[in-house]
Amino acid sequence: MSDNRILETLAGQGISRRAFLKYCATLASLMALPPSAGKAFAEALAKAPRPSVIWLPFQECTGCTESITRSHSPSIEGMIFDMISLDYQETLMAAAGHQAEAALHEAMERNMGKYILIVDGSVPLGLDGAYSCIAGRSNLEMLKEVAQGAAAIVAMGSCAAYGGLPKANPNPTGAVAVSDVIKDKPIVNIPGCPPIPAVITGVLAHYLTFGSLPELDHLGRPKSFYGETIHDRCYRRPFYDQGKFAKTFDDEGARKGWCLFELGCKGPVTYNACASVKWNGGTSWPVESGHGCLGCSEPDFWDAGSFYKALSMPANPLKLAAGAAVAGAVAGIAISVSNKARKGAAKTGHETTTLADLEKHHE
Amino acid sequence: MALPDIPVVAETGALTGNARAVLGEVETLLDGLLRTGEGGIVDIRGLPLSPGDRIWLLEQLGKGEVEIHLDIGGRSRILETAYPAVWWIEHCDEGGHLISEFIQVAYVPELISAHPDDVESGLEHLRNRNADLS
Ligand code: SF4
Ligand code: SF4
């Protein structure tokens with residue numbers, strides 16, 4: 001790992017302490033950490049060393065790379081690039097051919113056992129991996145080699161996490177997820193088609209702060225971003241609870257911003273942070289734009305039937321709407337309480353959060 | 001056909017009632033500040049608010065006497081609301097996009113005060129300058 005510390009590196013680039021504090025407050029917000037965590041986060045991040053990152057793109061559409069690199073620049077997501085030492089990324093690096101290969105091996109040797117490996121794209125196993133090759137070597141061969149020296153692997157996007165679109169029926173290339181190939185390294189899945197750029201920032205920031213991966217759910221996703229469904233955090237939820245649904249994309253309900261459940265919204269079964277982190281620099285997100293969630297951060301979402309077919313059963317039956325008695329204020333309080341529960345480590349807004357609290361939160 | 005030509009306007013101003021709960025939380029924090037000296041922060045982005053809810057909340061909180069602009073990796077603005085010690089904090093990136101928003105309950109928002117390490121290096125610079133001048 002590079003010896004220089006993050007705050008020193010940033011200061012060298014003219015980024016002040018206040019700018020760094022603002023960055024950390026925003027990062028804590030994106031990671032659904034308690035607001036007071038920003039300060040504890042800043043203290044830890046300031047002292048953390050910059051880790052080496054090797055990024056391998058496999059069988060993919062480059063949408064994931066676009067998602068993170070084309071986010072508003074310079075941006076909160078972009079700032080992570082100042083905090084890491086991105087030693088190899090084929091799509092972004094100037095070097096090509098033998099030079100690029102030499103850079104990869106040099107980075108691996110220099111940081112053996114310590115670098116973070118980011119993978120986007122699935123790994124095709126068909127025809128001995130011949131469907132996707134780089135420098136004459138299959139993705140499978142390359143993944144196995146580079147994973148060996150990695151401290152941890154980040155499978156970015158639904159393809160690397162679950163096989164994604166390439167794995168959709170009938171899976172002509174025999175595409176599999178990174179976790180189907182590598183069994184002996186910690187892997188964090190960041191699914192989404194594409195994933196939210198801030199999530200990768202959050203995962204790297206967590207690694208920098210604590211030296212470990214964040215707490216993961218049963219599908220290997222960081223709980224801080226994938227701990228709740230789209231539906232749990234959706235601002236249209238009170239309409240769902242009141243039984244107010246848009247029936248077509250241009251009816252009165254649609255214009256009034258009612259729930260999109262009957263138009264096929266997969267929010268109730270989809271774990272992702274779109275409803276709170278949003279897209280395009282926080283401008284909006286699919287449901288706010290009037291379209292239901294497609295469920296892109298869930299395994300095999302392409303094969304789950306029509307995007308416009310309503311889920312057969314509501315995730316939480318419409319009991320709450322009985323008599324449509326749920327007044328807005330009551331629903332609001334319920335949501336506020338759930339927000340508090342989500343931000344478990346905050347305990348209450350009155351307490352100062354320490355680094356130890358954050359560690360507890362992520363245990 | 002350009003986007004504005006499509007004759008559909010979705011109402012995003014609908015109130016969900018969630019902003020009411022935020023006001024209640026601010027009241028609790030303010031009470032805590034007076035009793036224990038500890039305020040707190042509410043993360044606006046972390047709450048399921050519709051665009052209408054956000055505007056409603058801003059209207060309810062109103063505008064106080066102090067407005068502070070910071071140029072720290074993009075603009076930031078700290079506004080005192082009509083309720084003393086209740087601050088609305090907006091952070092934008094360098095492209096001017098709003099990236100995070102908080103309500104802070106504090107006598108003075110922490111972000112404004114100088115850090116001792118920075119004061120120390122500032123003092124060193126000033127000493128050097130004074131030495132050069134003498
Ligand atoms: S079904 Fe979809 S639109 Fe309706 S509340 Fe849930 S996530 Fe929001
Ligand atoms: S709203 Fe749903 S489909 Fe859209 S990006 Fe988020 S998780 Fe994916």
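Listing for the model above:
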quantity: DSSP-loop GluC sites (Glu not before Pro) across the range B:31-101, with at most 10 other Cβ within 10 angstrom; calculated: B:65
quantity: Total accessible surface hidden between A and B, rounded to 100 Å², 1.4 Å probe; calculated: 3700 Å²
quantity: For residues of B:107-118, the mean tally of beta carbons on other chains within 10 Å; calculated: 2
quantity: Entries of A:39/A:223; A:39/A:278; A:22/A:223; A:47/A:223; A:185/A:266 with Cα pairs more than 30 Å apart; calculated: A:185/A:266
quantity: In the range B:66-134, the chymotrypsin sites (Phe, Trp or Tyr not before Pro) that fall in loop regions by DSSP, at most 12 other Cβ within 10 Å; calculated: B:107
quantity: Occluded residues from the range A:21-53, i.e. those whose accessible area drops by 50 Å² or more once the chain is not alone (1.4 Å probe); calculated: A:22, A:26, A:29, A:35
quantity: Rounded Å value of the spacing that divides the Cα centres of the range A:16-39 and the range A:266-305; calculated: 25 Å
quantity: Carbon plus sulfur fraction of accessible area for the range A:49-225, probe 1.4 Å, in percent; calculated: 54 percent
quantity: Relative contact order of the range A:49-225, defined on C-alpha pairs under 8 angstrom at six or more residues apart (%); calculated: 24 percent
quantity: P(r) of chain B over all Cα-Cα pairs, binned every 10 Å from zero, in whole percent; calculated: 11, 30, 28, 16, 9, 4, 1, 0
quantity: The range A:230-303, accessible area per residue, ligands and nucleic acids excluded (1.4 Å, Å²); calculated: 36 Å²
quantity: Degrees between helix B:51-61 axis and first principal axis of chain B (Cα, 0 to 90, nearest 10); calculated: 60 degrees
quantity: Rounded to the nearest 10 Å², the accessible area of residue A:156 at probe 1.4 Å; calculated: 0 Å²
quantity: In the range B:42-134, the trypsin sites (Lys or Arg not before Pro) that fall in loop regions by DSSP, at most 13 other Cβ within 10 Å; calculated: B:63
quantity: Hull shadow area, averaged, the range A:230-303 [alpha-carbon convex hull, nm²]; calculated: 4.9 nm²
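The values are calculated or read from the model by the stated rules, or taken from the named source; none is laboratory data. Note that the structure is a prediction, hence the values are computed from the model and not measured. We place every Cβ from the backbone using ideal geometry, glycine too, and count neighbours over all the protein chains shown. Ligands, DNA and RNA are stripped out before the accessible areas are found, and what is left, the full protein with its side chains, is counted by its heavy atoms. Shrake-Rupley method; radii C 1.70, N 1.55, O 1.52, S 1.80 Å.
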